[in-house]
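Contents: one structure, followed by commentary.
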Amino acid sequence: MQDTRTPAKPAKPATATARTSERFTDEERGAMKERAQELKAAARRGSRAAKAAEEEAAVLAKIAEMSDGDRTLAERLHAIAKAEAPGLAPKLWYGMPSYAKDGKVVCFFQSAQKFNTRYATLGFSDKAKLDGGSMWATSYALTELTADDEARIGALVKQAAN
């Protein structure tokens, strides 16, 4: 009599799990976990006004947790975004402050401390209206903010939001 059962699949090699965990740094995995928590919290929120207030409070709380240098930059960027593009809604995105239009992130701040980098970053997503020819910047390194820097950032945020 012939055996007609399907042969058992071989077990995955033990290195598959190890390989997967080596693809992301601890900081990246932490940011992904924070993003999952953000999505769960957003799903639980009620009215639009309550949601906006809670998201801004979460952004301000996250900024307050940052180291001195990053916190100063993030506070100034928050003030600039609120003043120059009041239509953008503050929200957390991968555990960092960001500003969204119609639920889509337009610009965001990344602290130097969170990702162990030399400088903080102001970035713009593909939803930002910054197109200029065939090439344009989508992120900027920040070490401090002068009055000229703040004016330039204000113009960029305003352009990105339109």
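Each reported figure results from applying straightforward, stated rules to the coordinates on display, with no laboratory input. Remember, predicted model here, so these are calculated numbers, not experimental data. Glycine gets a Cβ as well: all are built from the backbone with ideal geometry, and neighbour counts include every protein chain shown.
If amide hydrogens are placed 1.01 Å from N in the peptide plane, which non-local residues have theirs closer than 5 Å to the one on C107?
Result for C107 returns Y99, S125.
Quick one: what are the phi-derived ³J(HN,Hα) couplings along segment 86-97, Karplus 6.51/-1.76/1.60 with θ = phi - 60°, whole Hz, x for glycine and proline?
x, x, 7, 9, x, 7, 7, 9, 6, x, 10, x
Sorted from fewest to most neighbouring beta carbons within 10 Å, what does the list L77, L92, L39 look like?
The order, fewest Cβ neighbours first, is L39, L92, L77.
Write out the trypsin sites (Lys or Arg not before Pro) in segment 31-128 meeting two conditions: DSSP loop, and at most 16 other Cβ atoms within 10 Å of their Cβ.
Taking segment 31-128 and a limit of 16 other Cβ atoms within 10 Å, the loop trypsin sites (Lys or Arg not before Pro) found are R45, R118, K127.
Can you give the relative contact order of segment 24-161 as a percent, counting alpha carbon pairs under 8 Å and 6+ residues apart?
Dividing the mean separation by the residue count of segment 24-161 yields 22 percent.
Taking the beta-carbon count within 10 Å as an exposure proxy, list M96, M135, M66, M32 from fewest neighbours to most.
M135, M32, M66, M96
What does the charge add up to near E65, with Lys and Arg as +1, Asp and Glu as -1, over the other residues with Cβ less than 14 Å from its Cβ?
So the environment of E65 carries a net charge of -1.
What residues qualify as long-range amide H neighbours of Y94, i.e. H under 5 Å apart, gap of 5 or more or another chain, H built at 1.01 Å from N?
R35
Local charge sum around I153 (other residues, Cβ-Cβ under 14 Å, Lys/Arg +1, Asp/Glu -1)?
Charge balance near I153 sits at -2.
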